[in-house]
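The values are calculated or read from the model by the stated rules, or taken from the named source; none is laboratory data. Just so you know, these numbers come straight off a predicted model, no measurement behind them. Counting neighbours? That spans all protein chains shown, and the Cβs are built from the backbone with ideal geometry, glycine included. Surface accessibility is based on the protein's heavy atoms, side chains included, excluding ligands, DNA and RNA. Shrake-Rupley method; radii C 1.70, N 1.55, O 1.52, S 1.80 Å.
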Amino acid sequence: MKVVLLHGQKHHGSTWNTSQLLLKELVTNQDTFREFYVNDIPYCIGCYTCILKEEENCPHREITKEIIYFIEQADVIIVDSPNYCMGMTGQLKTFFDHMAYRWFSHRPLGNMQHKIGVAISTTAGMGAGSVTKQIKKQLFWWGIPRIYQLNATVAAANWNDVKPETKEKIAKKSKRIANKIRRKNGHVKRGFRQRVIFKLMGKMQKAGLSTPRDVAYWKEQGWI
Ligand SMILES: Cc1cc2nc3c(=O)[nH]c(=O)nc-3n(C[C@H](O)[C@H](O)[C@H](O)COP(=O)(O)O)c2cc1C
């Protein structure tokens, strides 16, 4: 199994440690694992190069291309972020903005339909579920059919202050998710909503309602 982990923060706090609990259950030495911190990516400048022309010509491609390569190769894509003001970190959103061209409405990667995603977040009080939902939405629109959410209220500003029983609860949830991933790996497929969206997007492309680059891509893939 190929696993890639994107961290929406550089520090090793509660969110990073929650991801480690999942990795401990999920990744064995038979698996390949890569992780990236998305902190140093400049924000999207809205030039539309990726959507209208070629993603390779994005002014930040040199920084994002290795991450995107590993995402495209992976079976399991894990994304983590602490809750910052009821949302994912700005740096993670910045990375997601660089993936706009991979949304269903543009040039989705066909093999996303075989992948599994995991969205991870921790919060002091409330909102970790909102963050994992936001991450899940991004992965859904890339075309990933199965996305698990691992979120936790830790009532702390750092991992050392998190109560042992909370850590135990997170560990148990991680184990459950890891078992599900192992069972489902290689057997996921698009659900009803993604099938409908894919069909609608295909109609849109066929009618030439998208960019010429996107329409050409859908034709190249044999989808329209
Ligand atoms: C900038 C910032 C904004 C935050 N916003 C919230 C919030 O809206 N609600 C909340 O309950 N906790 C909030 N927190 C607390 C963190 O979400 C919480 O401590 C989380 O577990 C931190 O994860 P980390 O150790 O991986 O950074 C915020 C923390 C920071 C630094």
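For the chain, calculate the relative contact order in percent as a whole number, restricting contacts to Cα pairs under 8 Å that are 6 or more residues apart.
23
Under the 0.36 nm per residue contour assumption, what length would be gained going from the current alpha-carbon distance of E72 and D31 to full extension?
Contour length minus the Cα-Cα distance gives 13.2 nm.
Please work out the ratio of the alpha-carbon Rg of the range 115-163 to 2.2 N^0.38 Å and round it to two decimals.
The range 115-163 yields a ratio of 1.28.
So what are the range 115-220's ellipsoid semi-axes, whole angstrom, largest first, if each one is the square root of 5 times an eigenvalue of the alpha-carbon gyration tensor?
Rounded to whole Å, the semi-axes are 37, 16, 9.
Determine the gain in length on full extension of the stretch A155-Y48; use 0.36 nm per residue of separation and subtract their C-alpha separation, reporting nm with one decimal.
Once the chain is fully extended between A155 and Y48, it gains 34.4 nm.
What whole-number value in Å² describes the accessible area per residue of the range 2-190 for a 1.4 Å probe?
On a per-residue basis, 48 Å².
For the chain, what does -39500 (n - 2.57) per DSSP helix run (n ≥ 4), summed and divided by total residues, give at 222 nm, in deg cm²/dmol to the nearest 500?
It comes out at -13500 deg cm²/dmol, rounded to the nearest 500.
May I ask you to give the average projected area over all directions of the convex hull of the Cα atoms of the chain, in nm² rounded to one decimal?
If I average the Cα hull's projected area over directions, I get 12.3 nm².
With the full set of protein chains in place, find how many percent of the accessible area of the range 2-190 is carbon and sulfur; take the probe as 1.4 Å.
51
Compute the distance in nm between two label points, each set 7 Å from the Cα along the Cα-to-Cβ direction, one at R176 and one at C85.
For R176 paired with C85, the spin-label model returns 3.3 nm.
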